[in-house]
1. Which one of these is among the polar types (S, T, N, Q), at negative phi and surrounded by 10 or more Cβ atoms within 10 Å (Cβ to Cβ): S65, S79?
2. Just a yes or no: is a residue in the range 84-94 surrounded by 10 or more Cβ atoms within 10 Å (Cβ to Cβ) and either modelled with pLDDT under 60 or not in a loop (DSSP other than H, G, I, E, B) (or both)?
3. With respect to D102, determine if the residue is touching a His at 6+ places or on another chain (Cβ under 8 Å) and either modelled with pLDDT under 85 or not basic (K, R) (or both).
Amino acid sequence: MFLNSQSAKHKDISEDGLPSEIQALLKTYRHAVEIPEASIEFMPKLWERIDRQQKITYGFRRLASRFVTAAAGICLLMSLATFDGSGLSTSHAGTYVDILSDDASDDTPGDSVLSTL
């Protein structure tokens with residue numbers, strides 16, 4: 001129904017209900033593309049091609065997954081290697097001034113700047 005109402009509006013529509021440009025395009029397509037023979041081997045060959053393409057895709061996906069896992073493991077190892085446990089030490093509990101005074105008291109009295117003043 002829709003094509004009949006459209007055919008009245010367009011003068012270049014043929015009896016098939018398609019414009020002449022579309023028919024020319026389809027004719028060119030039919031000449032360019034080989035129509036497969038309907039045989040017993042058609043579906044098995046089609047599925048073989050599909051499976052071959054999927055194996056490539058799945059192989060790439062598996063490789064990418066392994067690469068991401070390896071990268072995450074390397075990041076974890078590098079973060080553990082750079083972790084410094086000295087910040088967790090409680091031997092210097094106190095303020096910054098207390099730590100500096102403790103460090104200064106470790107020096108010998110003759111080396112102290114305060115003792116020379």
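1. Values: S79 fails: surrounded by 10 or more Cβ atoms within 10 Å (Cβ to Cβ).
Just one listed residue meets the conditions, S65.
2. Yes: one or more hits.
3. Working: touching a His at 6+ places or on another chain (Cβ under 8 Å): yes; either modelled with pLDDT under 85 or not basic (K, R) (or both): yes.
So D102 fits the description; yes.
The values are calculated or read from the model by the stated rules, or taken from the named source; none is laboratory data. What you see is a predicted model, and the numbers here were worked out from it, not measured in a lab. All Cβ positions, glycine included, derive from the backbone under ideal geometry; neighbour counts span all protein chains shown.
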